[in-house]
Amino acid sequence: MRLGLILLSLQVHAVLVAQPGINALVNGASNGTGVAPGSFATIYGTGLASGTATASDASLGTSLGGVTVTVNGRQAPLYFVRQDQINFQVPFGTVIGSASAIVQTGGQFSAPFAFEVLPAAPGILVFGDNRAVAQNQDGSLNTADNPALPGTALVAYLTGQGALDNSLDDGAPAAADPLSRAAQPSSASIGGQNAPIAFLGLTPGFVGLLQANLTVPALAPGDYPLVVSIGGRSSNAPVVSVGSAASGLLSRLGATDTGGGNVNVQVDGGFAYVCSNGGVAVVDVANPADPRFLNLFGGTTGFCRIRDGQLASASGTQSPVLNVFSLSNPEQPSRIGGPFSLPQFGAEFNFVNSYAVFTTVWFSFSSNPNRIFRQQGDLFSVNLTDPTRPTLGNTLRPDGANPASTNESPYFSAIHPAPDTLLLLSTTNTGADTSSGLGRMVVADVSDPSNLRAVRQVSVPRTNTLNCGALEGTTALVVGNTTSWQSPGDFAIRGNVTLTTFDLSDPRNPRAVATSVTNVRNTFTAPACVALGGGWFAYASFLTPENASDTAIVVVDARDPGNPGIASTLALPDLVERGLSVSGDVLYAVTRTGLTTYRIRR
């Protein structure tokens, strides 16, 4: 945000009169009556300057474009002059009480103009339809579409503080060390509720610009008047926007087309790799607000992961293969391994040591009638110790004495909470039965990926399937459903989304904390789940099977693990099932044909 431009362009009018004459002298931020020593003020009049001029240095001089302004005989620093307007700083030494201003231009003097100087005269900068110039905690401009969250910082810009604890010369920009704070008692409110002030002082690098660092009180979403009081005098009351914690959590940054058939996205440094059935799209995301498609490589790739400067991808449902690419040249990756034939199609995989460990999910059905008669899920590994020559590692073998090892139920996805442990998200449904089981989590020992073992399983009441999960610290959020595939009939998942939190302090002994059954439907079989930070999570949602484009990013509030709930739904048409990934404070979302980025405001 260009605060300097705001200071220099307040209240623009188009009056072109030659003779100097002052019609009004007002607060330079609020345009109301009342100025204070050291604040910036605005003169409106006629013939005030022969042209337009703007101060070019951080320090302000007392002559600009052939114009001078005196206050009680003392020359004032000038920001901006024009025929009908002058922006200036009231000299710090101006005595409280009645004062007089005179404009000189082209050798001519205006008549003295009387005005009142107050000990403090707070005025908040405004723009648009009476909106306060204020920055949210992430530095973005507060607007109705970009509200501040309760409990976060908000920086409002104003003038009129009066006395300072660290005095400055007229026209001198404020220093960062030492800071110059307002010396008089102060307070602030948003919507009539106290907004505690952490700092009220001049903004370093600017002349006469005051900033109030506030904390947004707990308010319902909406627009509220902001008022700052200094020395018992209140400012104008422009509005700021407050949002719900969820509604302001994600703000859209940018988007780019990448081609069709997209599956998922991985981010490495300043590049995003959108993996698809048509290849891997390289996207420059050094500036996430301006993602730029660079090129496509690799042919058919499918689901992918990145580790140690290498991208591995699995593709093909009939003849599945694994390929490995080097990212040593991130803009032009090169194949170094594969295609390596996989024993079966892997829905997704995780890197475990030097192995890729795959989970599978599938069912067999007859076409007349449409009826599922078998369900299956496997866990197998591929050795990538030498990425140029992948080899098959191990497949988890069913053991009748260990129910956790069964492969008669699908493994929708996995959570990797510790180097030696994978948590497989599944169901107890088997065979033709897709409705009577419970969601289950299988604890897999992957300390030796060449010898995969199922250790135990945990069933989750009130769920039928566990479909995806994400981990933050020792808390995992698992998204499931009250139903699985529909059989007979169509095979969509039409039940209600379930949200289960797990305590993974001991990853080998996961403990379900709470399960919430929502009124939201999700028909994705294995959606992407991601942790956004601060107890917030998100998952990809296919809302209605009747409309393939009716998709969204669903935000989950699990700040209280004992009461997880859906906080908001952010529509994103054509979002793909596994199309979410987080890197730093950016959420990357893949649609069928492109990549969209969102800022995460934690």
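The values are calculated or read from the model by the stated rules, or taken from the named source; none is laboratory data. Treat the numbers as computed from the prediction; the structure is a model and nothing was measured. Glycine gets a Cβ as well: all are built from the backbone with ideal geometry, and neighbour counts include every protein chain shown.
Among the residues making up segment 527-558, those that are at pLDDT 90 or above and in contact with a Ser or Thr (Cβ under 6 Å, 6 or more places away or on another chain) are ALA552, VAL554, VAL555, ALA558.
Among the β-branched types (Val, Ile, Thr) and over 30 Å from LEU168 (Cβ atoms): is that true of VAL285 in this structure? Give the derivation first.
On the way: among the β-branched types (Val, Ile, Thr): yes; over 30 Å from LEU168 (Cβ atoms): yes.
Judged against the criteria, VAL285 is a match.
Would you be able to say whether some residue in segment 513-522 is within 22 Å of THR597 (Cβ to Cβ) and outside any loop (DSSP other than H, G, I, E, B)? No: segment 513-522 contains no residue that is within 22 Å of THR597 (Cβ to Cβ) and outside any loop (DSSP other than H, G, I, E, B).
Taking the criterion of being modelled with pLDDT under 95 and either in a strand (DSSP E or B) or farther than 18 Å from GLN137 by Cβ (or both), the residues of segment 209-231 that qualify are ALA220, GLY222. Of all residues in segment 502-526, those that are of a type in the set (Val, Ile, Thr), in contact with an Asp or Glu (Cβ under 9 Å, 6 or more places away or on another chain) and either modelled with pLDDT under 95 or not assigned by TED's automatic domain parsing to the domain that holds ASP557 (or both) total 1.
Yes or no, residue by residue, for (1) among the aliphatic types (A, V, I, L, M); (2) out of contact with any Leu (no Cβ under 8 Å at 6 or more places or on another chain); (3) touching a residue at least 60 places away in the same chain (Cβ under 8 Å):
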position	(1), (2), (3)
LEU379	yes, no, yes
ASN383	no, no, yes
ASN402	no, yes, no
SER405	no, no, no
PRO419	no, yes, yes
ASP433	no, yes, no
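The residue list SER244, SER251 contains one member that is of a type in the set (Ser, Thr, Tyr), in contact (Cβ under 8 Å) with a residue 60 or more places away in the chain, assigned to a loop (DSSP other than H, G, I, E, B) and within 27 Å of ILE566 (Cβ to Cβ), which is SER244. Consider segment 267-288 and keep the residues that are under 23 Å from GLU577 (Cα atoms) and among the small types (Gly, Ala, Ser). The one that is nearest to the chain's Cα centre (by Cα) is ALA272. Residues that are among the polar types (S, T, N, Q) and under 16 Å from THR258 (Cβ atoms) within segment 298-316 comprise THR300, THR301, SER313, listed in sequence order. For segment 523-543, does any single residue satisfy the condition of being in a strand (DSSP E or B), crowded, with 24+ Cβ neighbours inside 10 Å and hydroxyl-bearing (Ser, Thr, Tyr)? Scanning segment 523-543 turns up at least one residue that is in a strand (DSSP E or B), crowded, with 24+ Cβ neighbours inside 10 Å and hydroxyl-bearing (Ser, Thr, Tyr). Against the numbered list (1) farther than 17 Å from PRO122 by Cβ; (2) of a type outside the set (Asp, Glu); (3) in contact (Cβ under 8 Å) with a residue 60 or more places away in the chain, GLY231 comes up short only at (1). Among the residues making up segment 63-81, those that are assigned to a strand (DSSP E or B) and either hydrophobic (A, V, I, L, M, F, W, C) or crowded, with 22+ Cβ neighbours inside 10 Å (or both) are LEU64, VAL67, VAL69, VAL71, LEU78, TYR79, PHE80, VAL81. Scanning segment 331-359 for residues that are over 32 Å from the mean Cα position of the chain (by Cα), at pLDDT 90 or above and within 30 Å of ASP490 (Cα to Cα) yields a total of 2. The listed residues are SER140, SER186, and the only one of them that is buried (at least 16 other Cβ atoms within 10 Å of the Cβ) and in contact (Cβ under 8 Å) with a residue 40 or more places away in the chain turns out to be SER186. Of all positions in segment 257-273, none carries a residue that is out of contact with any Asp or Glu (no Cβ under 7 Å at 6 or more places or on another chain) and without any contact (Cβ under 8 Å) to a residue 24 or more places away in the chain. Only one of the numbered conditions (1) within 26 Å of ALA552 (Cβ to Cβ); (2) surrounded by fewer than 19 Cβ atoms within 10 Å (Cβ to Cβ); (3) modelled with pLDDT of 95 or more is not met by THR475, and that is (2).
The residue list SER381, SER447, SER426 contains one member that is outside any strand (DSSP E or B) and at pLDDT 95 or above, which is SER447.
Each row is one residue, and each column tells you yes or no for (1) surrounded by fewer than 21 Cβ atoms within 10 Å (Cβ to Cβ); (2) of a type in the set (D, E, K, R); (3) under 22 Å from GLY128 (Cβ atoms).
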{"position": "PRO204", "(1), (2), (3)": "yes, no, no"}
{"position": "GLY208", "(1), (2), (3)": "no, no, no"}
{"position": "ALA212", "(1), (2), (3)": "no, no, yes"}
{"position": "ALA218", "(1), (2), (3)": "yes, no, no"}
{"position": "SER235", "(1), (2), (3)": "no, no, yes"}
{"position": "VAL239", "(1), (2), (3)": "no, no, yes"}
{"position": "SER244", "(1), (2), (3)": "yes, no, no"}
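Please indicate, with yes or no, whether at least one residue in segment 314-330 is of a type in the set (Phe, Trp, Tyr) and at pLDDT below 95. No: zero hits.
Table: residues versus (1) outside the structural domain of ASP129 (by TED's automatic domain parsing); (2) touching a Lys or Arg at 6+ places or on another chain (Cβ under 6 Å); (3) of a type in the set (Lys, Arg).
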{"position": "LEU209", "(1), (2), (3)": "no, no, no"}
{"position": "ALA212", "(1), (2), (3)": "no, no, no"}
{"position": "VAL216", "(1), (2), (3)": "no, no, no"}
{"position": "ALA220", "(1), (2), (3)": "no, no, no"}
{"position": "TYR224", "(1), (2), (3)": "no, no, no"}
{"position": "VAL227", "(1), (2), (3)": "no, no, no"}
{"position": "GLY254", "(1), (2), (3)": "yes, no, no"}
{"position": "GLY259", "(1), (2), (3)": "yes, no, no"}
{"position": "ASN264", "(1), (2), (3)": "yes, yes, no"}
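Only one entry of ASN370, ASN350 meets the criterion of being touching an Asp or Glu at 6+ places or on another chain (Cβ under 9 Å) and either touching a residue at least 60 places away in the same chain (Cβ under 8 Å) or not assigned by TED's automatic domain parsing to the domain that holds ASP308 (or both), and that entry is ASN370.
Can you confirm whether VAL442 is out of contact with any His (no Cβ under 6 Å at 6 or more places or on another chain), closer than 22 Å to PHE542 by Cβ and buried (at least 24 other Cβ atoms within 10 Å of the Cβ)?
On the way: out of contact with any His (no Cβ under 6 Å at 6 or more places or on another chain): yes; closer than 22 Å to PHE542 by Cβ: no; buried (at least 24 other Cβ atoms within 10 Å of the Cβ): yes.
Taking the combined requirement at face value, the residue does not satisfy it.
Scanning segment 153-172 for residues being crowded, with 19+ Cβ neighbours inside 10 Å and either assigned to a loop (DSSP other than H, G, I, E, B) or acidic (Asp, Glu) (or both) gives a total of 5. Scanning segment 553-579 for residues that are among the hydrophobic types (A, V, I, L, M, F, W, C), crowded, with 20+ Cβ neighbours inside 10 Å and either over 15 Å from the mean Cα position of the chain (by Cα) or assigned to a loop (DSSP other than H, G, I, E, B) (or both) yields ALA558, LEU572, LEU575, VAL576.
The numbered conditions (1) of a type outside the set (Val, Ile, Thr); (2) buried (at least 24 other Cβ atoms within 10 Å of the Cβ); (3) without any contact (Cβ under 8 Å) to a residue 40 or more places away in the chain are all true for SER413 except (3).
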